[in-house]
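First up is the structure itself, then whatever we jot down about it.
The values are calculated or read from the model by the stated rules, or taken from the named source; none is laboratory data. A quick note: this is a predicted structure, and the numbers were derived from the prediction, not measured. Please note: Cβ atoms are built from the backbone with ideal geometry, for glycine as well, and neighbour counts cover all protein chains shown.
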Amino acid sequence: MLSSETMTVPLSSSLPVVAAAEAATPAYDENGVDLSLVRYSLSLTPTQRLKAVENFMNAMASVRIAPPPSDSAK
Amino acid sequence: MAVFDLGRLLLVLSEEQVEFIIVGGVAAALQGAPVLTQDVDILYRIEQGNLERLERALSRLHAVARGDARNLPFGKSHLMTTGHKLAMTDAGALDVLGSINDSVLYDDLVGSSDELEVTGQRVKVLSLRRLIELKRALARPKDLAMLPVLEATLREREGCTSGP
């Protein structure tokens, strides 16, 4: 359970910290590239990166062979 | 249902000692770019012995021409050419390239590749910097569309102390 002290911390006092953190590690670059995805991908090993590609390929293959939805499912 | 197994694809190529470099979207992904693709592109060395090894590897993978109902396998005479051979194997879609843009060969890029350990195999993967240069030179819409992600990845990597 939260203490009353925690619950009464003014929101404005924490905003500069959040803003500073966001400025230090921007989420997007000037082209709109999501840098959090870039950083996540870089945190993986090459084998894990290949597995991600493989999972995508298999997902696409399963979509291709999936039967069309029946009328009752529409 | 086909279940793609890229680890097996690399294993067979490595076991047959095929000289090749992973290029294209999978190279970008292996180098850390958050991109997804539906096939593996390899650039192989056009040399008699390597063509025999590649033919053996493709045979083990049951490679046939993709999109051709005749399910034709790839022979050595076909592999001798610098063109692109688009294959479907039992481990996944594989584009087997004798050259890039009919001008860039294996020997031109092998010095710009990194050797990475992937699923237990040491494989040559085109460097991110060279991949960006190639895509800039090709300048096709699909290549240019990928450039911002590749360049952002390169910038982030250069800001990091860890390698690929």
Condition set surrounded by fewer than 19 Cβ atoms within 10 Å (Cβ to Cβ) and facing another protein chain (nearest Cβ under 9 Å), scope the range B:120-150, selection nearest to A:P26 (Cα to Cα): answer is B:P148
Count - residues of the range A:33-58 that are more than 7 Å from every other protein chain (Cβ to nearest Cβ), polar (S, T, N, Q) and outside any loop (DSSP other than H, G, I, E, B): 4
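Of all residues in the range A:59-74 being assigned to a helix (DSSP H, G or I) and either buried (at least 16 other Cβ atoms within 10 Å of the Cβ) or more than 7 Å from chain B (Cβ to nearest Cβ) (or both), which is modelled with the lowest pLDDT? Spell out the reasoning first.
Taking the range A:59-74 first, the residues assigned to a helix (DSSP H, G or I) are A:59-65, A:71-73.
If we keep only those that are either buried (at least 16 other Cβ atoms within 10 Å of the Cβ) or more than 7 Å from chain B (Cβ to nearest Cβ) (or both) as well, we get A:59, A:61, A:63-64, A:71-73.
Working: A:A59: 93, A:A61: 87, A:V63: 86, A:R64: 78, A:D71: 64, A:S72: 58, A:A73: 53.
Looking at residues that are assigned to a helix (DSSP H, G or I) and either buried (at least 16 other Cβ atoms within 10 Å of the Cβ) or more than 7 Å from chain B (Cβ to nearest Cβ) (or both), I get A:A73.
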Residue match in the range B:22-31 (condition: out of contact with any Leu (no Cβ under 6 Å at 6 or more places or on another chain) and more than 29 Å from B:A137 (Cα to Cα)): no
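Scan the range B:1-25 residue by residue and report those that are aliphatic (A, V, I, L, M), in contact (Cβ under 8 Å) with a residue 40 or more places away in the chain and not in a strand (DSSP E or B).
Here is the first cut: in the range B:1-25, the residues aliphatic (A, V, I, L, M) are B:1-3, B:6, B:9-13, B:18, B:21-23.
Retained after the next criterion (residues that are in contact (Cβ under 8 Å) with a residue 40 or more places away in the chain): B:2, B:6, B:9-13, B:21-23.
Hits for the range B:1-25 are B:A2, B:L6, B:L9, B:L10, B:L11, B:V12, B:L13.
Could you run through the range B:27-38 and say how many residues are under 20 Å from B:G120 (Cα atoms), touching a residue at least 40 places away in the same chain (Cβ under 8 Å) and either in a loop (DSSP other than H, G, I, E, B) or facing another protein chain (nearest Cβ under 10 Å) (or both)? Spell out the reasoning first.
The initial filter retains those residues of the range B:27-38 that are under 20 Å from B:G120 (Cα atoms), namely B:27-32.
Applying the additional criterion that residues be touching a residue at least 40 places away in the same chain (Cβ under 8 Å) yields B:27-28, B:30-32.
From what's left, either in a loop (DSSP other than H, G, I, E, B) or facing another protein chain (nearest Cβ under 10 Å) (or both): B:28, B:30-32.
Looking only at that region, the number is 4.
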Could you grab the pairs with beta carbons closer than 8 Å, sequence gap of 6+ or different chains, first residue in the range B:83-104 and touching a residue at least 24 places away in the same chain (Cβ under 8 Å), second one among the polar types (S, T, N, Q) and assigned to a strand (DSSP E or B)? none
When residues of the range B:1-39 are filtered for being of a type in the set (V, I, T) and closer than 22 Å to A:Y40 by Cβ, how many remain? 4
Out of the residues in the range B:39-72 meeting the condition of being surrounded by 14 or more Cβ atoms within 10 Å (Cβ to Cβ) and part of a loop (DSSP other than H, G, I, E, B), tell me which one is nearest to the chain's Cα centre (by Cα). B:D39
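Restricting to the range B:136-153, name every residue that is within 25 Å of B:L10 (Cα to Cα) and either at pLDDT below 95 or among the hydrophobic types (A, V, I, L, M, F, W, C) (or both). Talk me through it step by step, then tell me what you get.
Going residue by residue through the range B:136-153, those that are within 25 Å of B:L10 (Cα to Cα) are B:143, B:146, B:150, B:153.
Scanning the range B:136-153 gives B:D143, B:M146, B:L150.
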With the checklist (1) away from chain A (no Cβ under 14 Å); (2) more than 20 Å from B:V110 (Cβ to Cβ) in hand, flag the one item B:F20 doesn't pass. (2)
Subset of the range B:105-133, residues in contact (Cβ under 8 Å) with a residue 40 or more places away in the chain and of a type in the set (A, V, I, L, M), comes to B:L105, B:L109, B:V110, B:L116, B:V118, B:V123, B:V125, B:L126, B:L128, B:L131
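Please specify each residue of the range B:104-119 satisfying the condition of being away from every other protein chain (no Cβ under 14 Å) and of a type outside the set (D, E, K, R).
Going through the range B:104-119, the residues away from every other protein chain (no Cβ under 14 Å) turn out to be B:104-112.
Across the range B:104-119, the qualifying residues are B:V104, B:L105, B:Y106, B:L109, B:V110, B:G111, B:S112.
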